[in-house]
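Here's the structure, in structure tokens; my notes come after.
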Amino acid sequence: MKEECLICKAPLEYLLEDIPMECVICHKKEPSKTRCVNGHYVCSECHTRGIDSIFGVCLSSQSKNPAEILIRMMELPFCHMHGPEHHIMVGSALLTAYKNAGGDIDLPKALSEMKNRGQSVPGGACGFWGACGAGVSSGMFVSIISGSTPLTGEPFGYSNRMTAKSLDAIGTVGGPRCCKRDSFLSILSAVDFVREHFGVEMEKPEIICHFSKKNSQCLGKRCPFSQLNHPGKD
């Protein structure tokens, strides 16, 4: 297993019901469906420790390419192969590229709001909620740029349709989960959606994943971003 438990690197196991767990880092006690086979549990707050480092990437970037921005975040030391940090990073990369492509937003304020919203989506939502946090993050992004609330009309529709578009792409590929793959699928879905509905043209590159060696459940050729599907490219 290349990367699973943050403490002992043993495989994770996902339970069908919550059980009382204590984070081995901060000792917070809370119910969870996730632990490693040796019993270690790390809460979402500890798992995403260092997330604020993504703001330096976003605020210094001039790129209109959200995938490029996202990959820079993924390469930061705090970011794991899988984890709820991706629920913040996807929307943050999109906000940054949207701003750089001419979108009218206060980027620092929007990034702060994205963090607040994204960190409320727990790890494992993809399997337990039927709504991958990376896909939800793309909907949060559209909600922020459109000013959506539960009482708005068109923005409400846009944000929900964005999430649905991303989740459809994620569900079509199928599982097991990969936070990198699902994040890339959400990014590409959002680029198309924003161009069509907001008239802002972010860049949409071909993405080739360089993280597969860290993912013990990599789909290989089933993943649209696998190097196996792009011979001669790296």
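Scan segment 20-37 for residues that are open to solvent by 50 Å² or more (accessible area, probe 1.4 Å) and not charged (D, E, K, R) and the total you get is 7.
Tell me, which helices (runs of 4 or more DSSP H) lie completely within segment 107-209 with 3 or more residues that are out of contact with any Asp or Glu (no Cβ under 6 Å at 6 or more places or on another chain) and closer than 15 Å to MET89 by Cβ? Because the criterion is at least 3 residues that are out of contact with any Asp or Glu (no Cβ under 6 Å at 6 or more places or on another chain) and closer than 15 Å to MET89 by Cβ, the helices (runs of 4 or more DSSP H) in segment 107-209 that meet it are 107-118, 133-146, 179-198.
If you go through segment 169-191 and pick out every residue that is touching a helix residue (DSSP H, G or I) at 6+ places or on another chain (Cβ under 8 Å) and open to solvent by 40 Å² or more (accessible area, probe 1.4 Å), you end up with 2.
If only residues of segment 122-138 that are modelled with pLDDT of 95 or more and of a type in the set (A, V, I, L, M) are counted, the one that is farthest from the chain's Cα centre (by Cα) is ALA131.
Do we find a residue being open to solvent by less than 10 Å² (accessible area, probe 1.4 Å) and touching a residue at least 40 places away in the same chain (Cβ under 8 Å) anywhere in segment 139-162? Within segment 139-162 (the criterion being open to solvent by less than 10 Å² (accessible area, probe 1.4 Å) and touching a residue at least 40 places away in the same chain (Cβ under 8 Å)), the answer is yes, since at least one residue qualifies.
Contact annotation: residue pairs with Cβ atoms under 9 Å, 6 or more positions apart or on different chains, pairing a residue in segment 36-53 that is more than 15 Å from GLY124 (Cβ to Cβ) with a partner that is surrounded by 21 or more Cβ atoms within 10 Å (Cβ to Cβ) and among the β-branched types (Val, Ile, Thr), are ILE51/ILE88. For segment 38-69, which residues satisfy the criterion of being in contact with a Cys (Cβ under 8 Å, 6 or more places away or on another chain), open to solvent by 40 Å² or more (accessible area, probe 1.4 Å) and not acidic (Asp, Glu)? Matches in segment 38-69: ASN38, HIS40. Annotation note: of SER189, SER183, the sole residue that is closer than 17 Å to ILE69 by Cα and touching a His at 6+ places or on another chain (Cβ under 7 Å) is SER183. The listed residues are LEU76, LEU59, LEU70, and the only one of them that is within 30 Å of LYS109 (Cβ to Cβ) and in contact with a Phe, Trp or Tyr (Cβ under 9 Å, 6 or more places away or on another chain) turns out to be LEU70.
The values are calculated or read from the model by the stated rules, or taken from the named source; none is laboratory data. Small disclaimer: the values here were computed from a predicted structure and weren't measured. With ideal geometry, Cβ positions are generated from the backbone for all residues, glycine too; neighbour counts draw on all protein chains shown. The area values use the complete protein model at the heavy-atom level, side chains included, leaving out ligands, DNA and RNA. Shrake-Rupley method; radii C 1.70, N 1.55, O 1.52, S 1.80 Å.
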